[in-house]
Amino acid sequence: MAVYGLMAEFEDPRALLHAAQLAYDSGYRKLDAYSPMPIHGLAEAIGFTRTGVSPIVLAAGVTGGISGFTLCWWMAAVAYPHIVAGRPLNSWPMWIPITFELTVLFAALSCLLGMLGLNRLPQPYHPVFNVPEFARASQDRFFLCIEATDPVFDAEGTLLFLESLHPASVAEVEP
């Protein structure tokens, strides 16, 4: 039977952080850590350094700004040309609030949607939920899961590696 991966349970955050660093140093790249609280340095320990949200937000913000400015120009100079107080049709200073607001709107919405998309959320099911001990991940336990799709993953070798880290338990994660 195929497995999703192997999961080690730890009783304190230092042990999880140490195990994550050793796993990454041993060549494992498809791994994830679960903790009931933030642990400083854990993201870096498992190789997570940058997200793709910032380029998405930048692109959407620039698109929003250009869209807002273009919309105002089109309305004032092309669709409904109307001279007010002798100002030229392309009087751009009055378009700054709309341009700014659309920049912020596009950036904020793309930030939300980009974060949800890149995190593959909402995700009502994940294979780690099949491990009974994982119910304590939001209370007082710390978990390190190495996925079977990792190039270095070997069922027996990875099991021995995780057991060498002295966890409270090691469980097989079924898909």
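The values are calculated or read from the model by the stated rules, or taken from the named source; none is laboratory data. Keep in mind it's a predicted model, so treat the numbers as computed, not measured. When we count neighbours, we look across all protein chains shown, and the Cβ atoms used for this are built from the backbone with ideal geometry, even at glycine. Quick note on the areas: whole protein, heavy atoms, side chains included, nothing else; ligands and nucleic acids left out. Shrake-Rupley method; radii C 1.70, N 1.55, O 1.52, S 1.80 Å.
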Subset of region 1-35, residues closer than 18 Å to ARG141 by Cα and assigned to a loop (DSSP other than H, G, I, E, B), comes to GLU11, ASP12, SER35
The correct count of residues that are more than 13 Å from the chain's Cα centre (by Cα), open to solvent by less than 80 Å² (accessible area, probe 1.4 Å) and more than 18 Å from ALA33 (Cα to Cα) in region 104-133 is 5
When (1) crowded, with 18+ Cβ neighbours inside 10 Å; (2) at pLDDT below 95 are applied to LEU16, the one that fails is (2)
Of the listed residues (ALA2, ALA8), the one being open to solvent by less than 40 Å² (accessible area, probe 1.4 Å) and either touching a Cys at 6+ places or on another chain (Cβ under 7 Å) or closer than 24 Å to GLU174 by Cα (or both) is ALA8
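Would you confirm, using the coordinates I've provided, whether ALA137 is among the small types (Gly, Ala, Ser) and in contact with a strand residue (DSSP E or B) (Cβ under 8 Å, 6 or more places away or on another chain)? I'd like the intermediate steps shown before the answer.
Working: among the small types (Gly, Ala, Ser): yes; in contact with a strand residue (DSSP E or B) (Cβ under 8 Å, 6 or more places away or on another chain): yes.
Yes: the conditions hold for ALA137.
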Of the residues in region 154-170, those that are buried (at least 20 other Cβ atoms within 10 Å of the Cβ) and either part of a helix (DSSP H, G or I) or modelled with pLDDT under 95 (or both) come to THR158, PHE161, LEU162
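Are there helices (runs of 4 or more DSSP H) fully within region 36-141 with at least 3 residues that are among the hydroxyl-bearing types (Ser, Thr, Tyr) and assigned by TED's automatic domain parsing to the domain that holds ASP12? List them.
Values: elements: 42-45, 53-73, 96-118.
In region 36-141, there are no helices (runs of 4 or more DSSP H) which contain 3 or more residues that are among the hydroxyl-bearing types (Ser, Thr, Tyr) and assigned by TED's automatic domain parsing to the domain that holds ASP12.
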Only one of (1) of a type outside the set (Lys, Arg); (2) farther than 26 Å from SER169 by Cβ; (3) within 17 Å of the chain's Cα centre (by Cα) does not apply to ALA85, and that is (3)
Practice task
Would you confirm whether any residue within region 24-32 is open to solvent by 70 Å² or more (accessible area, probe 1.4 Å), farther than 21 Å from HIS126 by Cβ and basic (Lys, Arg)?
Solution key: no
